[in-house]
Amino acid sequence: MSVAHGTPLAALGWDRRLDALFAEHAARGLLPARVLSEQRGSYQVAGPTGELTATITGRFRNDVTRAEDYPAVGDWLALAPAVTGQALVQAVLPRRSRFARPARGDIPGAQVVAANVDMVFVVAALDHDFNLRRLERYMALAWSSGAEPVILLNKADLCQEVGERLAEVRGVAPGVPVYALSARDGSGIEPIEPLLEAGRTVALIGSSGVGKSTLVNALLGWQRQATRDVRADDQRGRHTTTRRELIVLPSGALLIDSPGMRAVGMWDVDEGLASAFADVEQFASACRFSDCTHGSEPGCAVQAAIERGDLAETRLHSQQRLARESAALARRVDPETRANSRRKWKAIHKSVRNHMRTKYGPEAG
């Protein structure tokens with residue numbers, strides 16, 4: 001991405017919210033800038049003075065206690081003016097939204113791979129790799145980020161049942177805009193162009209092989225991203241995007257295409273799951289018991305809806321599977337959650353032992 005000298009902050013997504021957040025930094029003489037790309041601890045950023053390189057200070061590094069505190073593509077920073085060719089990062093402004101994955105290394109928590117996204121394009125393919133369960137997973141991730149999701153069904157030129165596929169997707173993503181298109185030949189691109197407003201930040205998320213790099217090229221109007229054919233045996237891609245980067249589209253919209261989006265984790269997604277499975281949640285709210293597991297409990301409104309045909313049983317199973325995965329990942333990457341889980345199960349086992357001793361005598365349990 002190349003940013004002209006003196007680029008207005010509004011063109012990079014600056015708004016009144018950021019004005020208020022930056023006031024204290026402005027009083028200290030610091031400058032605002034947005035992260036365009038990151039590579040090995042060095043950040044390419046853009047602000048009112050143009051494009052420059054920024055690094056974090058030793059003090060900043062020492063103050064960091066979580067991986068998510070480090071700058072990420074899309075972040076807004078407060079910088080000390082460059083005096084040696086590189087600006088120094090003094091602070092990361094609070095994020096409006098984020099995509100994160102489990103952190104690597106010794107620092108616990110999440111690693112943010114894209115920040116301050118307004119809209120997320122959830123890209124799926126209409127070829128042999130079409131998978132509603134995988135799409136549900138990406139919808140939970142999209143909703144949990146805080147961004148507004150839109151579903152793009154790519155490779156419509158390779159599908160004979162586009163209408164049926166659209167109906168299926170709308171069934172698992174109620175209320176979410178869905179578009180069928182072909183990034184390869186450009187058909188179906190025009191209806192999504194109004195979404196790409198100047199200053200709006202859009203991220204792409206989807207599994208390998210769905211055509212995200214081809215879509216980037218189609219939106220840009222030229223071959224910026226390298227593309228390769230999917231493997232014939234499993235229709236999966238070869239990960240042609242290799243760096244996290246924010247790209248300016250001809251419309252002025254800002255696009256984030258990050259290889260890290262492939263590994264976004266299913267944890268800290270409670271709100272995202274509730275939104276992605278709003279149909280299940282709606283029925284669950286009418287269950288007789290607030291802690292209903294939607295199994296064999298009496299008065300389960302979810303099971304009643306399944307029996308009536310108002311809810312697909314696969315939706316319930318998918319929600320429960322993703323919730324279990326989220327909880328397991330949280331225990332693995334978050335020490336506090338892991339400790340709470342241990343305490344919970346210790347208490348359960350103790351309660352069971354006490355019950356057994358009361359019922360069958362002190363030697364039981």
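Contact annotation: residue pairs with Cβ atoms under 8 Å, 6 or more positions apart or on different chains, pairing a residue in the stretch 191-213 that is over 22 Å from L12 (Cβ atoms) and assigned by TED's automatic domain parsing to the domain that holds N131 with a partner that is among the acidic types (D, E) and part of a strand (DSSP E or B), are K212/D257; S213/D257.
Scanning the stretch 60-72 for residues that are over 18 Å from P102 (Cβ atoms) and either surrounded by 13 or more Cβ atoms within 10 Å (Cβ to Cβ) or charged (D, E, K, R) (or both) turns up F60, R61, D63, P71.
The values are calculated or read from the model by the stated rules, or taken from the named source; none is laboratory data. Note that this is a predicted model, so its numbers are computed, not measured. Ideal geometry is used to build each Cβ from the backbone, glycine not excepted, and the neighbour counts take in all protein chains shown.
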